[in-house]
Amino acid sequence: AGEVFANRFGDCKDKSNLLRTMLKENSVDVYHVLVHTSRGVIDPAYPTLGFNHVISAIRVTPEQAKGLPAVIDHKTLGKLLLFDPTSTLTQFGQLPESLQGSRGLPVPPQGGGELIDLPLLPPESSQLRRTAKLAVDAQGTLSGTVEEVYTGSAAATTRSMLQPMHEAVRVHAIASRLASHMAALTAADVTIEHLDDPEADLVIRYKLNAPQYAKRAANLFIVRPRVIGQKADKLIEAKRMYVYETDGPSLHTDDVEIRIPAAMQLDELPAKVDIKTPLVQYSSASTFADGVLRYHRSYSLQAFTIPRESFTEVNGAWKVVSFVLITP
């Protein structure tokens, strides 16, 4: 531990051992936990255990455990906060996405460790909250500002993509992602906050401009309330033999305001949508008042895997979501 501390360098075993040594100096009990970075590899029904990573289990009090989703109740060791000292992108109190819903083997000094289930964090722990304040002019051009706030695993994933890039490349990557949602969309004045601070929410702000976003049809002006982002995966093939892997539990919300030219009056709004299944929840609704079209959307995914018996149910939900996304 002394060498690792002095050199500021080490692998997962080194960092877990250093953390244990440092916390022991403050009378905090810490245990190594053997894990595998691929979910499902560690199976109690299979006699050979193959671990490739080490994390830490920190004993905490009930008061300290409040608000930390990666805390478990161990039958002999008490409340344990599972923490990965190697992950520089994961917020304290959470687990890297690759470890959630997996299994681990605590190694207490007295021996006798047994496999434990690593927690599956709720969708609310990994969020993308998008807020847009936009306006459409008489020629149909959409413009305005957008703020995206990422938390938990969503923030860690986005940081892992953006951190290695040069600043100009980051801006280009964000602009390219936006351009994939609609033709001729451009982004400007892109700013990124807290890119290197995993304890803070990751915030991305930008201005967008989309010519001919609103379409004319006879005497109507068609404006799609949903501006950015598509939810729902591709439909799962019915003949698939294995579980379907998702991006994991998450909650995405959009709140969009679009100011409409004063000379225009509302003719019709999209119907409300409300879908609730054990694995997928989705809702969207639009309102219009004082010249502003307001749109709220929420999409929640509940699990990393979808079992075969749920394919029909989830496909049914995704079909509705996909239909909502392509209609004005």
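The values are calculated or read from the model by the stated rules, or taken from the named source; none is laboratory data. As the structure is a computational prediction, the values presented were derived from the model and not from experiment. We place every Cβ from the backbone using ideal geometry, glycine too, and count neighbours over all the protein chains shown. Each accessible area value is taken on the protein alone, full model and side chains, heavy atoms only, with ligands, DNA and RNA left out. Shrake-Rupley method; radii C 1.70, N 1.55, O 1.52, S 1.80 Å.
Across segment 199-246 the C-alpha pair distances fall into 10 Å bins from zero in the proportions 14, 26, 23, 24, 12, 0 percent.
In the chain, the DSSP beta bridges split such that about 90 percent are antiparallel, to the nearest 5. A 1.4 Å probe run over the chain, with the rest of the protein chains in place, finds 54 Å² accessible per residue.
Based on alpha-carbon atoms, the Kirkwood radius and the radius of gyration of segment 60-173 give Rg/Rh equal to 1.17. Centre-to-centre, using Cα atoms only, segment 89-162 and segment 177-191 are separated by 23 Å.
Each residue of segment 208-217 was assigned a 3J(HN,Hα) from its phi angle through the Karplus expression (A = 6.51, B = -1.76, C = 1.60, θ = phi - 60°), giving 10, 9, 9, x, 6, 5, 7, 10, 8, 9 Hz with x at Gly and Pro. For the chain, with all protein chains in place and a probe radius of 1.4 Å, 54% of the accessible heavy-atom surface sits on carbon or sulfur.
Kyte-Doolittle mean at least -0.5 and Cα extent at least 24 Å along the axis: which DSSP H helices of the chain qualify? Span-like helices in the chain: none at all. Couplings for segment 302-309, taken from phi via the Karplus curve 6.51 cos²θ - 1.76 cosθ + 1.60 with θ = phi - 60°, read 9, 8, 7, 10, 10, x, 4, 5 Hz in order; Gly and Pro are left as x.
What are the GluC sites (Glu not before Pro) within segment 207-315 that DSSP puts in a loop, where the Cβ has at most 14 other Cβ atoms within 10 Å? List each step's numbers first, then the result.
Values: sites: GLU237, GLU245, GLU257, GLU268, GLU309, GLU313; in loops: GLU237, GLU268.
Those that pass, being in a loop and sparsely packed, are GLU237, GLU268.
When the surface is traced with a 1.4 Å probe over the full set of protein chains, MET165 keeps roughly 50 Å² accessible. With the cut-off at 1.5 for a/c, could you classify the chain from its C-alpha gyration tensor as rounded, prolate or oblate? Prolate. With the convex hull drawn over the C-alpha atoms of segment 184-325, the volume per residue is 165 Å³. Across segment 215-294, the convex hull enclosing all Cα atoms gives 138 Å³ per residue. Taking each DSSP H run with n ≥ 4 as -39500 (n - 2.57) and averaging over every residue of the chain yields -5500 deg cm²/dmol at 222 nm. According to the Kirkwood relation over distinct C-alpha pairs, the hydrodynamic radius of segment 260-328 is 14.0 Å. In this structure LYS66 has an accessible area near 140 Å², from a 1.4 Å probe over the protein heavy atoms.
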